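Report on one structure; see the data block that follows.
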Amino acid sequence: MRRELHPEAIHMTTSPEVLRDNLKELYSKHTVGDVSERVFQGEVAELTVALYRAVIQRSLEADERILAEHHTISSHFRLTQSILREPEQNATSLFLTDRRLLRLRSKVMPGQPPTADCRDETVVDGIPLDHINGLFPERQFRMGEALVGAAVFLFAVFFFPWLAITGPVLIGLGILGILHSILLPTRWFEARSAGGSSVHDPITIFSPGKKSARVLARSIKERINRA
């Protein structure tokens, strides 16, 4: 599952230390019930984006500025862990400056406030704009969704004599799951390095249909054409 974090989080302090303290305090208030779940989720997203931005800003040169940014977070269940356990999430924040495309990757641990440092395995890397070959569209069939759809379909067919009403419904759901995984694959853009960069794998722009992703992709293309 992949979703977009708030692309336009409110501008807060640029001090990572202060933002870490704010997140820690927010988690404490949520634990004792002083903050509702809806408010908690919204403020965590805003503070986390602000923290990632603050970490990136500390790595910028004096006259370097951020032009666009895009934030996504993904999660998946592992076969080796209990389905009752909330999985860790992988956050990716992309920042385009007038010189580089920077990427911050971090793990969001269940029940723990983000810290954007070694405690949550945060890594920052990037590609200079003049080292980017271009943006390449990619797609991938949703194999997990297809396998689930196939499993539901086979289950319904095998037990059809014992399933009076739910049998046809499950067959239909299984077919829809398979078709959805094939007809609506996962799409993304890859910014590939031409060499001379610390990035060994392409920088991926997920959720290409989101406004922040479109703005980021358009800005990258404009900057590449100028280089």
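Each value in this text was obtained by applying a stated rule to the coordinates, not by laboratory testing. Quantities reported herein were computed from a predicted structural model and do not represent experimental measurements. Cβ coordinates were reconstructed from backbone atoms using ideal geometry, including for glycine residues, and neighbour counts include every protein chain displayed.
Give me the compactness ratio for the range 142-183, meaning the Cα radius of gyration over 2.2 N^0.38 Å.
Numbers: Rg = 10.1 Å, N = 42, 2.2 N^0.38 = 9.1 Å.
Against the compact-globule rule of thumb, the ratio is 1.11.
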What do you get for the angle between helix 166-183 and the principal long axis of the chain? Use alpha-carbon atoms, 0 to 90 degrees, nearest ten. 30
Quick shape check on the chain: root eigenvalues a ≥ b ≥ c of the Cα gyration tensor, a/c under 1.5 is rounded, otherwise prolate if a/b tops b/c, else oblate, and it reads oblate
Calculate how steeply helix 211-226 sits against the longest principal axis of the alpha-carbon atoms of the chain, using the helix alpha-carbon long axis, and give the answer as 0 to 90 degrees to the nearest 10. 50
Charge sum, other residues only, whose C-beta stays under 12 Å from Ser36's C-beta, Lys/Arg counted +1 and Asp/Glu -1: -1
Cross-link candidates for Lys24: which aspartates and glutamates have Cα within less than 15 Å, leaving aside residues fewer than 8 places away along the same chain? Asp34, Glu43, Glu46, Asp117, Asp120
For Lys211, counting only lysines whose alpha-carbon sits under 21 Å away and dropping same-chain residues fewer than eight positions off, the answer is Lys221
Taking Cα pairs closer than 8 Å and at least 6 residues apart, the relative contact order of the range 142-183 in percent is 56
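For every helix of n ≥ 4 consecutive DSSP H residues, a contribution of -39,500 (n - 2.57) applies; sum these over the chain, divide by its total residues, and give [θ] at 222 nm rounded to the nearest 500 deg cm²/dmol. Could you put the intermediate results ahead of the total?
Values: 5 runs with 88 residues, N = 227.
Theoretical 222 nm ellipticity from helices: -13000 deg cm²/dmol.
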Helix 37-58 versus the longest principal axis of the chain: what is the Cα-based angle in degrees, 0 to 90, to the nearest 10? 40
